[in-house]
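Each value in this text was obtained by applying a stated rule to the coordinates, not by laboratory testing. Keep in mind it's a predicted model, so treat the numbers as computed, not measured. All Cβ positions, even for glycine, are placed from backbone atoms using ideal geometry, and neighbour counts span all protein chains on display.
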Amino acid sequence: MSDTHPLNKPPSVMEKSANSYYQRWRLVKDSLARFGVIAGGLSVIVALVLIFFYLLYVVIPLFKPATAEAGNHYALPEAALGKTVLLDVEEQNEVAARFTDTGQVIFFEAATGKPVLTESIKIPAGTKVVSFAQGSPISEGAVIYGLSNGQAVVVKHQYQITYPNNKRLITPSLKYPLGEAPIVIDDKGTALEICAVKVGDKSTTIVAKTADKVRLLHIEKQQNLFTDEVTLERTVVDLNVAVATVTNMLIDKEERNLYLVSDDGHLSFFDISDKTLPVIRQNVNMVTAGEKITASTFLNGDSSLLIGDSTGLVSQWTMVRDELKRPAIQKIRAFKVSEKAIAAINPEPRRKGFAAIDADGMMGVYHTTSEREVLREQVTKALPIAAALSPRANALLVEASDKNIYFWKLDNKHPEVSVKSLWQEVWYEGYPKPDYIWQSSASNNDFEPKYSLTPLVFGTLKAAFYAMLVAIPLALMGAIYSAYFMTPIMRQYVKPTVELMGALPTVILGFLAGLWLAPTLEENLAGFFLMFMLLPVGVMVFAYAWHNLPARILEKIPEGWEAAILIPVILLTGWFAFAISVPLETALLGETLRDWFKNEWGIGYDQRNSLVVGMAMGFAVIPTIFSIAEDAIFSVPKHLTVGSLALGATTWQTMTRVVLLTASPGIFSAVMIGLGRAVGETMIVLMATGNTPVMDLSVFQGLRTLAANIAVEMPESQVDSTHYRVLFLAALVLFLFTFVFNTLAEIIRQRLREKYSSL
Amino acid sequence: MMKLWFKSGSPWIWLNAAAVSTCLIMVIAVLALVLVRGVGNFWPAQVTQFSYQEEGKPLSVLIGEKVDTSITPAIMAKSTGHKMADNEDTLVQYLVKTGNRDVTGADFRWIEARKVQEQSDPDAMIVIVRREWGNFYGQLLAVQENGKTVATGDQAMPELQNRIAAASSVFKKITQIEKKEIGAINYGLERLRLKQKKLQLENRWDSEAEKQFAADKADYDAQYQSHQAELAALYKEIRRDSLVAKTESGAEIKIPLAKVVQVYQPNTMNFFGKMGFFYHKVLEFLTDEPREANTEGGIFPAIFGTVMMVIIMSIIVTPFGVIAAVYLREYAKQGFTTQLIRIAVNNLAGVPSIVYGVFGLGFFVYILGGNIDALFFPEASPAPVYGTPGLLWASLTLALLTLPVVIVSTEEGLARIPKSIREGSLALGATKVETLWRTVLPMASPAMMTGLILAVARAAGEVAPLMLVGVVKLAPTLPLDGNFPFLHLDRKFMHLGFHIYDVGFQSPNVEAARPLVYATALLLVLVIIVLNLTAIIIRNRLREKYRALEG
């Protein structure tokens, strides 16, 4: 820095102009630096604050309500070709299809209604379409036409996407998965009044109702191993059921369950896993007397039924196993759409949501798991005829009696989340009762994501509780001793050692806990318990013996070394506890303590359990609590203690009545900060527990904490999905929790410091 | 008497003292555990031959290292389904590392001491450390060249060692060519492809560019061909020799020397021999690449990745931390707001590290990285460059995580500098920035150093956030190499702490990996202890110094 030297000399007249230039430059530099530091400092602080706002920014869309925006409406395309029996939209919301009761399929542009392609289903001459149904699951696009001559035609509609000239082109087409020839279902030729189908790669099941029976037809493709010849094997069986009132039939996609719905509210549930022998499992009444079922369909995944009735109620019925493990249909929740009858229910093809439209054209969009009405909108003024929800659930087409089609855009990204689905008990599909469950992902779209944060928060608190149970006594008692009783020479070494303990990477503690402590504890459970009990006793006995040593010896030993003297005593007691544990177990219980817990109390034992976590995380938390509490106790002004001692109080009395009372806010804040650390600790819980999100109070069971859950699931979660945002919510909860606790603790400490300085 | 003693409060003082002792014992026990198990890994164990008699089976021979001994009390043994005679108090079991996974299917076996008829440590036992299938234990029979025996009996061992040395140097050459030379060619080809795509995207792909591209590609292809030829010759050389050894069951197996890392006879080694072996093993551990899904070999890439990340983090965190501290202490008006900021900064140090990881993944990787990719690397899409976890994002995340540590420590240092020094400087006519730069900051530099060391120690041991923003179990390439631009901030890297988690908990063969995990843990603990002790010593010196100044 050569520019310092003009300062050292008194400025001469000759140098004055250069000097003033230099002085100005110094001032500019000063203000530049001021500006730079302020900008830099503030931006660092802003960056730290940004963490909070960014987490919030990711989480907020979870709680934004869904919206519906009216698009075009246009005249029904090719209205002359018959009445609509089904509307459908493909994934990109570009091409829609209208299936008519005359066996025509009109593909048209979803946004404008311009016809793209019209196809006719191949129906034998002289017959007509009597019934129509969508196959299950609806995303596969299969439909069935029941004909007046007892035959049926199965058609699949599909959309092929190509990119000529880098522009997306969607080409609709029809396919006959069972061949173009109609399938004979009733050989007597009576009309098929109602039908249902499930088309699979290997087998197809069709159920059809004629005037006098319900017939189940199963076609199995069998491929000859040697000749590659395909033969179709047909099984036909008639169901034993009263047919008069049946209005809808539903086959699930596993081809195991068949539901016959009558409009008077009666449902018959058949087990058809054996196609030659359908068994009736249950008859239920689904609506109150006098009401009618006006719409019924599967919820995505085919394990729940959605039943819409004439009172405007949509109820969800799911298969639950009763005490005897028998499957039974049970109502788990209901949604009130309006006072009018439900006209149509459209399940979302990929989520557990659905849209229901009532006879007045009022549409409600619901999600079953979160029990949320996400949206309510008057989609048409006229009577709705048919509606279609697009596969991505972001568009809706409604045909109304005014011969118009209304196109609606939906924005409904996170219907799965509600306060209830996050924090309260939810009755999931297939579960016997409402429960708290975290189970975020599975391989297919049928899975019902279970985003209950309750078991995770429970696990977090449980782990923190056991950790604090270990840490608080050790850390606080240690802090009391080393701040007040310990000789300064020893304290000089003890403090850094404990600080070092706090600096040990948690991954190492977790690794030792998981791979060393957990198996050791499992083998020596009784030894550990005995050690916890014997240690204080051993110390007391030794202290009493020490007290009774001849004064001559005691005088020679300086005070404040108790902690060092006790080390061999504790080691010896520990060894003794382990040594007698096995004979004691044999003598008292006749089996190991672990088995005894299991056999006598029914408490199971997980190798990586809460006790292990408590001990390992307690170890990690001790230094935090210790050093803050020690500081608080140590900085209690000396004149207070000296005064107390001068008045005749013993050291212990001074400690409990004066020092601890004065330092108690500091100790409290130490505990708070320790708790904050225990709540957010990740690696130890990740490695020392089995990470099972169970809600179980037992010490011998595992747990999963919020932090560990994030570490496990975050890398696999898809950006901006509900799962991703829920994990961010977990992070936000952790952030707020620790931040609030730490701030409280910090404020208490600041107050304490001021108090001390005034004392 | 007793009552009086209780009244004096003395027992409670002893109990409190016991808490301190317990803490000390726990720390020392943990450190000792890691030390003993970590170091023990490198010491050559005796290879023992057991004659083992299982019920209803013929007498069999087992060869291996006795790794662990477990003594189970009779009641526990009974509850786990062992048959115990009435006069037996305990069940003693040995865990034997029998190796030979290719022959027996398992590396380790628990045997019961009571069924061992005889055990001895014959001198002839050899241990073969192999590149695949783990260790081999057995006896050396012969050395072969192209299938013909060249040495047997006593000559076999020296001949084998010579040939292994030769094979190892060939192996080194092969790795050098495959990883470095061919790696560079592949890297060049990839860059060429991206360049082509970029030109096409920018509509500058013309005949000239095409010609240039073809020439470059032909150049790389030619280089590749010549390396291939070289490799073929080397492979022929390394496949020439093999050894024949006898397993515990008497079967003879042939092991090509290409797959052998090292052969030694632990039972013949004396103390100094073992010391030499120990030293060699430690060196291998520190400088070698991992083998066999990270369960064997060294951890060099993990050390390298940790160091790289920590360095980049320090470069980011130091200036920002110091500027923020200087702002808070020297420029900001001291009042309620600064107090609030101070509390907030302090508390950010207590925010769980995983939250920083979540932030890093969402903000750095997906938002910043995604936008960088869209702006600067459109040619790479759909493969992300910076839009995926990597070294830069990991360093940035940890910089954010350790920022409070540096700020707090620097502020503390600034606060300790007596006011008189600042005032003296200002009174002499120095501007504020000159005062800061020439007197205050140099005096506070040890405090900054302490902060930085603590930050480095924290960053080196932190794992949870890294799992989200860039650490992988096995990185094919180091983030620093000879290919332009040399430092690859977008690459994923390996990390000591994550290595412990991954190998200890995610590995398919945890038992075999355990010694290595302990060794890695020991290394990490040592690094952290050294860093922390340095910080503590600097801090104490600093306190002394200012006490002198103030006085």
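Close amide-amide hydrogen proximity is noted between residue A:304 and A:299, each under 5 Å apart and 5 or more residues distant or on a separate chain (H modeled in the peptide plane; Pro and chain starts excluded).
Placing a pseudo-label 7 Å from each Cα along the Cα-to-Cβ vector at residue A:603 and residue B:279 gives an inter-label distance of 5.4 nm. Once the Cα atoms of helix A:16-59 and of chain A are each reduced to a long axis, what angle between those two axes, in degrees from 0 to 90 to the nearest 10, is obtained? Between helix and principal axis, roughly 50 degrees. Straight-line reach only, C-alpha to C-alpha below 14 angstrom: list the aspartates and glutamates that residue B:432 could link to, leaving out same-chain residues fewer than 8 apart. Qualifying aspartates and glutamates at Cα under 14 Å: A:30, B:330, B:423. With a/c under 1.5 counting as rounded, go ahead and sort the range B:470-551 into rounded, prolate or oblate using the C-alpha gyration tensor (a ≥ b ≥ c being the square roots of the eigenvalues; past the cut-off, prolate if a/b is larger than b/c, else oblate). Oblate is the answer for the range B:470-551, as a/c is 1.5 or above yet b/c matches or exceeds a/b. Cross-linked pairs B:66/B:259; A:275/A:325; A:325/A:433: Cα-Cα separations exceed 19 Å for B:66/B:259; A:275/A:325. Phi-derived couplings, Karplus 6.51 cos²θ - 1.76 cosθ + 1.60 at θ = phi - 60°, listed residue by residue for the range B:89-98: 8, 9, 10, 9, 10, 10, 9, 10, 8, 8 Hz, with x used for Gly and Pro. Name the residue farthest towards the positive end of the dipole of the protein assembly as shown from the options A:260, A:311, A:540, assuming +1 on Cβ of Lys and Arg, -1 on Cβ of Asp and Glu, about the Cα centre. Toward the positive end, the furthest listed residue is A:540.
Across the cross-link table entries B:57/B:78; A:340/A:420; B:246/B:274; A:253/A:331; B:179/B:246; B:179/B:281, which are compared at the Cα atoms, the separations over 29 Å belong to B:179/B:246.
Taken residue by residue and averaged, Cβ atoms of other chains lying within 10 Å of the Cβ of A:31-44 number 6.
Give me the compactness ratio for the range A:335-412, meaning the Cα radius of gyration over 2.2 N^0.38 Å.
0.99
The value obtained for chain A, namely the Cα convex hull volume divided by the number of residues, is 328 Å³ per residue.
What angle, in degrees between 0 and 90 and rounded to the nearest 10, separates the Cα long axis of helix A:562-588 from the longest principal axis of the Cα atoms of chain A? It is inclined by approximately 50 degrees.
Packing-based ranking of B:120-131, A:677-688, A:518-529 yields A:677-688, A:518-529, B:120-131, ordered from highest to lowest mean Cβ neighbour count within 10 Å.
Per residue of A:127-138, other chain Cβ atoms within 10 Å of the residue Cβ number 0 on average. Taking all C-alpha pairs of the range B:48-122, those more than 20 Å from each other amount to 35 percent. Rounded to the nearest 20, the Cβ-based charge dipole of the range B:48-122 about its Cα centre (Lys and Arg +1, Asp and Glu -1) stands at 160 debye. Cα-based radius of gyration for the range A:64-165, normalised by 2.2 N^0.38 Å, reads 1.20. Kirkwood's formula applied to the C-alpha pairs of the range A:123-285 gives a hydrodynamic radius of 16.8 angstrom.
Distance from the C-alpha centroid of the range A:77-103 to that of the range A:702-759: 53 Å, rounded to the whole angstrom. With the convex hull drawn over the C-alpha atoms of the range A:454-758, the volume per residue is 156 Å³.
Taking a straight Cα-Cα cut-off under 18 Å and skipping sequence neighbours fewer than 8 places away in the same chain, the aspartates and glutamates within cross-link reach of residue B:492 are A:716, B:190, B:289, B:373, B:462, B:481, B:502. As a rough guide to protection, the peptides B:278-290, B:361-373 ranked by mean Cβ packing within 10 Å, highest first, stand as B:361-373, B:278-290. Inter-chain Cβ neighbour count for B:493-504, averaged per residue, equals 3 (cutoff 10 Å, partner chain atoms only).
Pairs from the list A:83/A:292; B:173/B:197; A:413/B:198 with a Cα-Cα gap above 28 Å: B:173/B:197; A:413/B:198.
Phi angles of the range B:152-164 translate, via the Karplus equation with coefficients 6.51, -1.76, 1.60 and θ = phi - 60°, into HN-Hα couplings of 9, x, 5, 6, 4, 5, x, 4, 4, 4, 4, 5, 5 Hz per residue; Gly and Pro are given as x. Of all aspartates and glutamates in the structure, the ones whose alpha carbon falls short of 19 Å from that of residue A:381, not counting any fewer than 8 places away in one chain, are A:69, A:339, A:358, A:360, A:399, A:402. Computed over the range B:301-550, the Cα gyration tensor eigenvalues convert (square root of 5λ each) into semi-axes of 37, 23, 16 Å, ordered from largest to smallest. When only alpha carbons are used to place a centre, the range A:234-276 and the range B:62-101 end up 60 Å from one another. Taking the longest Cα principal axis of chain A as reference, the axis of helix A:488-503 is set at about 10 degrees.
Around the amide H of residue A:266, modelled in the peptide plane, lie the amide H atoms of A:286, all under 5 Å away and 5 or more residues distant in sequence or on another chain. Scaled to the globular estimate 2.2 N^0.38 Å, the Cα spread of the protein assembly as shown, given as radius of gyration, is 1.15. What the phi angles of the range A:361-369 give under the Karplus curve with 6.51, -1.76 and 1.60, with θ = phi - 60°, is a coupling list of x, 8, 10, x, 9, 10, 10, 6, 4 Hz, glycine and proline written as x.
Per residue, the convex hull spanned by the Cα atoms of chain B measures out at 277 cubic angstrom.
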